[in-house]
Amino acid sequence: MVIIVERLPVKSRILRSVGYDESTKILEIEFHSGLVYQYSGVIPKVYADLMHSDEIGKYFSEKIRPRFQTKQVVK
């Protein structure tokens with residue numbers, strides 16, 4: 001099943017946009033390269049902390065990328 005997640009632009013050197021679907025706990029990240037990945041099992045607090053981080057790319061790299069299962073979204 002494909003989950004459609006609306007993303008918001010973010011200020012980051014590596015991330016272009018971020019979206020979150022609370023009902024499925026799916027975090028969707030678009031990179032400046034154009035690649036899009038979905039991370040599963042992300043609780044709302046992690047998403048909120050990411051969006052409020054002063055260094056969103058660093059937070060993503062340290063707290064999300066190594067902890068959550070991911071899959072690439074094919075356009």
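The values are calculated or read from the model by the stated rules, or taken from the named source; none is laboratory data. Since the model is a prediction, treat every value here as computed from it, not as a measurement. Note that each Cβ is placed from the backbone with ideal geometry, even for glycine, and that neighbours are counted across all protein chains shown.
Checking the structure you have, find out if any residue of the stretch 5-23 is of a type in the set (Asp, Glu), in a helix (DSSP H, G or I) and more than 11 Å from the chain's Cα centre (by Cα). Quick ask: steps written out before the conclusion?
So the first thing to find is which residues in the stretch 5-23 are of a type in the set (Asp, Glu), and the list is 6, 21-22.
Okay, now just the ones that are also in a helix (DSSP H, G or I), so none.
Looking through the stretch 5-23, none of the residues is of a type in the set (Asp, Glu), in a helix (DSSP H, G or I) and more than 11 Å from the chain's Cα centre (by Cα).
Here are LYS63, LYS25: which of them is surrounded by fewer than 18 Cβ atoms within 10 Å (Cβ to Cβ), modelled with pLDDT of 95 or more, in contact with a Gly (Cβ under 6 Å, 6 or more places away or on another chain) and over 19 Å from LYS75 (Cβ atoms)? I'd like the intermediate steps shown before the answer.
Numbers: LYS63 fails: in contact with a Gly (Cβ under 6 Å, 6 or more places away or on another chain).
Residue meeting the stated conditions: LYS25.
Got at least one residue in the stretch 29-38 being in contact (Cβ under 8 Å) with a residue 12 or more places away in the chain, more than 17 Å from ARG7 (Cβ to Cβ) and in a loop (DSSP other than H, G, I, E, B)?
No, there is no match, as no residue in the stretch 29-38 is in contact (Cβ under 8 Å) with a residue 12 or more places away in the chain, more than 17 Å from ARG7 (Cβ to Cβ) and in a loop (DSSP other than H, G, I, E, B).
Go over the candidates SER53, SER17, SER12 one by one and state the one that is touching a helix residue (DSSP H, G or I) at 6+ places or on another chain (Cβ under 6 Å), without any contact (Cβ under 8 Å) to a residue 24 or more places away in the chain and surrounded by 14 or more Cβ atoms within 10 Å (Cβ to Cβ). Explain how you work it out, then say what you get.
Numbers: SER17 fails: touching a helix residue (DSSP H, G or I) at 6+ places or on another chain (Cβ under 6 Å); SER12 fails: without any contact (Cβ under 8 Å) to a residue 24 or more places away in the chain.
Only one candidate qualifies: SER53.
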